[in-house]
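Below is one structure; the comments refer to it alone.
The values are calculated or read from the model by the stated rules, or taken from the named source; none is laboratory data. Since the structure is predicted, the reported quantities are computational estimates derived from the model, not experimental observations. Cβ placement follows ideal geometry from the backbone for every residue including glycine, while neighbour counts extend to all protein chains displayed. To get the accessible areas, we keep the full protein, side chains included, count just its heavy atoms, and leave off ligands, DNA and RNA. Shrake-Rupley method; radii C 1.70, N 1.55, O 1.52, S 1.80 Å.
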Amino acid sequence: MAKIKHHSFNETINDLLTEAKSRGVIQLKYNSKKWEGSHMKVGKQRMRNFGTCGYMGLESHPRIIKKSIEYAQHSGTQFSVSRTYLMSDKTAYLEDLLSEIFDSKPVLTYSSTSLLHISVLPAVVEAEDAIILDQQCHASIQTAAQLMRAKGVPVDIVRHSNLEMLEYKIKQMRDKYSKIWYMIDGVYSMYGDVAPIDEINALMEKYPQLHLYVDDAHGMSWFGKHGCGRIYKEAKENKRTIYVTTMAKGFGVMGGIAVFPDDKWFAKVSIYGGALTHSHPIPPPMLGASIASAKIHLSDEIYTLQASLKEKLDYANKLFAETNLPVISNPETPIFFLCTGQPVVGYNLNKRILDDGFYVNIAMFPAVPLKNTGLRFTITNHNSLEDIKALVDALVKHYPLALEQEGKTLNDVRKAFHLPLLDHDSVTVSKNAGLEVSYEQSIKNIRQEEWDNAFANKGNYDYAALVLLEEAFSGNDLPEENWDFHYVVVRNSKKEIVLATFFTSGLFKEDLLSPVHISNAIEEKRVEDKYFLCSRFLMMGSLVTEGEHMYLDRSKTGWEKAVRMLLEKLAQIQEKEDLNTVILRDFNEDEPFFSHFHENSYLKIQMPDTNVITGLVQDKSQFFSSLSARSRRHIKDDVLKFEHHFRVECADTLEKGELNTAYSLFLNVSSKSRGINEFAYPFSFFSKINESPDWEFIKLYIGNELASVGFCHKAKGFYNPLIVGLDYGLNAQYNSYKQMLYQVCLRAIDLKYSEIHFGFSADVEKKKLGAKQIKKVAFLQLKDQFNFEVIENYNHNIV
């Protein structure tokens, strides 16, 4: 019935990447005339290279380059034919060499690892199977896994390396599916941590249905016999593990490698492995280079290269251990992660290090949680010990400067990553521009005149309305029916309000603002687990208020500092009450203070449009004629045609029995309406509004049956039909909902309102009555990103 336009998180990611690009830390231009490995020219600056993944330095190995040139000269630049029809003997030779690296197991090669995943997964995962993704497994695996949904294969997700959660999922799935595939990285690309393979081995022994799919791209070459990878030898020998790796990092060339436990799966993929069949093989120049690299891996030279890299890693780890820099990556891997916390600190530090002549990367959302931004850099055999020392010195120099400039402390960062706090952290002291922040948990502790003056005509939350809400949403039986209230007011030295707002905290559904099809799928799970994907939120305003929830006087000195003080207070509330999500809402699409939200890890999202009628005619007889010709046709067919069936009554209060009936009609709508997916409001809320002189009820009867009821707030400056209840059987016959919208307009005219705030949903129907769709944005901060990823996974799961 009532549709809502929802936000696409692709837009959010695009905004963040655009911001990072504008800061000069991504999409940089490499323009060296010759590859040096240790240095490269980025833009106009020659930099020491700590950002590429050629860990062993093999991409510039003379024998590999020589063989690449030889193959190009005698075989050309491509071999453009499907291997189903014709396979080069050189490809077969390469796969034989790679098989030697992997204990003579059957091997297939691909022109890229991403292509490999798209080929292998559809061939080995069957319709009766299920997939469980590690939260941080590589995007190329996740993309390929989406293809399995078309087969009806469910794709679930577990927290990163959380084997307790994995086992719980296995127990849920084992009676429903033939094979359960757990898909992981061997070495994870952001934090450089290693998969807990011993514990995974134990689970595989315990559950015969469990199968393992490992992408050890970042573990290849620098570890293991013949450089077979970080995980390969530790994974318990069985027929249930497919091991995947790449030649595009430590191996020094390009292409993907799939290692199969037996000939059965190898044959299945090699005969018809989808992309393997209808894409090109590795081109001759790369084929020659790959053969040369494979021979190096099968020689003792690989161990010399491994020892050289280990010496550099040990040296770097020794230097970092002598600092207080929060490096959290696994010290045995060549990937380093330096925590910065807020994106703004990451941008600042990244730019400083780039300007100082070191090429490093920023790790940011969505690859890592927004509040867990950091610098990601690599150490390779190209780097000298002198280079490494220079980088560490530069980080020691610039890290505290970046923190200071962005108003953060080292403990702020450590707290974001759940690291032990330092006893003597340097505290950034900032001037408050003569401002003072006050925090209250009840509107009764704030002067009514002061509050109402600040928010006059801005929303349906004057002093009296907030008293009602505080009383209605407390002392109820269910946890979701009780809200805590938080009022933040920033005043200047003259005691004038510069900023004021209020928040509610409580138990909310994580898919509150998700598209309906996602919420419908999640609600199926909530039949058995009512609080599935629910957590405690801190929300600006409340679920029953609308308008401009933040008063900000930008004519006052220090208003930007007031915004920062608000964000600091919210961080304290979030930490103290362990709230997962903070939502700042109902802003115009572009405001000068948005940069402060971005800098404090808030994601910008588009809110559903809100519907407002302004300039409402003050004569009911003229209302219909004031509408457009097209709207008049719709109103005539959908509303006026049925109007004679209805008896319309307006009431200040409802009798007890009538209130119960009205509440049941509300529950009808609440159970079906998922545009804004929220828990049903408690009966206590309706009891309170029934006692309030600021509320009234529009009742539509068909005979003696209550077909619809509108719960309408008479705000100062506008009429606000906030809630509707419906008998869906009568609605199907008589268009009760559309009739209610029409009668709301007539009632507003009776009360001499020139403005109606219709709120979210049913944009098309409200537009017919003259409503304009007002676009608003919100900002979302996630303490824990996992549930967000689960909800996105539901979006992919719905085929």
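Points to keep in mind about this one:
- When the criteria are applied in full, ALA144 meets the requirement of being closer than 30 Å to ASN793 by Cβ and open to solvent by less than 60 Å² (accessible area, probe 1.4 Å).
- Verdict on SER673 being crowded, with 18+ Cβ neighbours inside 10 Å and either more than 24 Å from PHE624 (Cβ to Cβ) or modelled with pLDDT of 95 or more (or both): yes
- The strands (runs of 3 or more DSSP E) falling completely within the stretch 648-748 that include 1 or more residues that are more than 24 Å from ASP763 (Cα to Cα) and among the hydrophobic types (A, V, I, L, M, F, W, C) map to 695-702, 705-714.
- Looking across ILE702, ILE689, ILE635, one residue alone is surrounded by 15 or more Cβ atoms within 10 Å (Cβ to Cβ), among the β-branched types (Val, Ile, Thr) and under 25 Å from LEU543 (Cα atoms). It is ILE689.
- Close pairs (9 angstrom Cβ cut-off, 6 or more residues apart or separate chains): within 27 Å of ALA464 (Cβ to Cβ) in the stretch 705-718, of a type in the set (Lys, Arg) and open to solvent by less than 20 Å² (accessible area, probe 1.4 Å) anywhere: SER708/LYS699; VAL709/LYS699; GLY710/LYS699
- Filter pass, SER299 being out of contact with any Ser or Thr (no Cβ under 8 Å at 6 or more places or on another chain), under 30 Å from ALA390 (Cα atoms) and in a loop (DSSP other than H, G, I, E, B): no
- Just one of the listed residues (ALA267, ALA235, ALA248, ALA258) is assigned to a strand (DSSP E or B) and either crowded, with 24+ Cβ neighbours inside 10 Å or not acidic (Asp, Glu) (or both), namely ALA258.
- Output for the stretch 100-113, where each listed residue is more than 13 Å from LEU287 (Cα to Cα) and surrounded by fewer than 19 Cβ atoms within 10 Å (Cβ to Cβ): GLU100, ASP103, SER104, LYS105
- Number of residues in the stretch 270-280 that are in a helix (DSSP H, G or I), in contact with a Ser or Thr (Cβ under 7 Å, 6 or more places away or on another chain) and open to solvent by 30 Å² or more (accessible area, probe 1.4 Å) equals 1.
- Here TRP559 fulfils each of the conditions (1) closer than 21 Å to ASN14 by Cβ; (2) among the aromatic types (Phe, Trp, Tyr); (3) in contact with a strand residue (DSSP E or B) (Cβ under 6 Å, 6 or more places away or on another chain) apart from (1).
- Selection of the stretch 302-324 for residues being open to solvent by less than 50 Å² (accessible area, probe 1.4 Å) and assigned to a helix (DSSP H, G or I) yields ILE302, LEU305, GLN306, SER308, LEU309, LYS312, LEU313, ALA316, ASN317, LEU319, PHE320.
- Residue within the stretch 88-98 that is more than 30 Å from LYS310 (Cβ to Cβ), polar (S, T, N, Q), at pLDDT below 95 and open to solvent by 20 Å² or more (accessible area, probe 1.4 Å) present: yes
- Residue under evaluation HIS226, criteria (1) more than 33 Å from the chain's Cα centre (by Cα); (2) assigned to a helix (DSSP H, G or I); (3) modelled with pLDDT under 95, criterion not met: (3)
- When we screen SER519, SER542, SER535, SER474 for residues that are over 21 Å from LYS688 (Cα atoms) and either open to solvent by 30 Å² or more (accessible area, probe 1.4 Å) or touching a Ser or Thr at 6+ places or on another chain (Cβ under 7 Å) (or both), the only hit is SER535.
- Within the stretch 754-774, considering residues that are modelled with pLDDT under 90 and open to solvent by 20 Å² or more (accessible area, probe 1.4 Å), the one farthest from LEU567 (Cα to Cα): ASP763
- Filtering the stretch 18-45 to residues that are open to solvent by 70 Å² or more (accessible area, probe 1.4 Å) and either part of a helix (DSSP H, G or I) or modelled with pLDDT of 95 or more (or both) leaves THR18, LYS21, SER22.
- Test: residue in the stretch 481-495 that is open to solvent by less than 30 Å² (accessible area, probe 1.4 Å) and polar (S, T, N, Q): yes
- Selection count, the stretch 53-77, where residues are surrounded by 13 or more Cβ atoms within 10 Å (Cβ to Cβ), in a loop (DSSP other than H, G, I, E, B) and either at pLDDT below 95 or aliphatic (A, V, I, L, M) (or both): 1
- All conditions in (1) aliphatic (A, V, I, L, M); (2) under 27 Å from the mean Cα position of the chain (by Cα); (3) in a helix (DSSP H, G or I) hold for ILE132, with the sole exception of (3).
- Only one of the numbered conditions (1) open to solvent by less than 40 Å² (accessible area, probe 1.4 Å); (2) farther than 28 Å from SER595 by Cα; (3) modelled with pLDDT of 90 or more; (4) among the aliphatic types (A, V, I, L, M) is not met by VAL81, and that is (3).
- Matching residues in the stretch 183-207 - criterion: being in contact with a Cys (Cβ under 9 Å, 6 or more places away or on another chain) and among the hydrophobic types (A, V, I, L, M, F, W, C): MET183, ILE184
- Among the residues of the stretch 644-668, those that are open to solvent by 70 Å² or more (accessible area, probe 1.4 Å) and closer than 19 Å to VAL744 by Cβ comprise HIS644, HIS645, ARG647, ASP652, THR653.
- The stretch 172-199, residues that are hydroxyl-bearing (Ser, Thr, Tyr) and either under 17 Å from ALA363 (Cβ atoms) or under 25 Å from the mean Cα position of the chain (by Cα) (or both): TYR182, TYR188, SER189, TYR191
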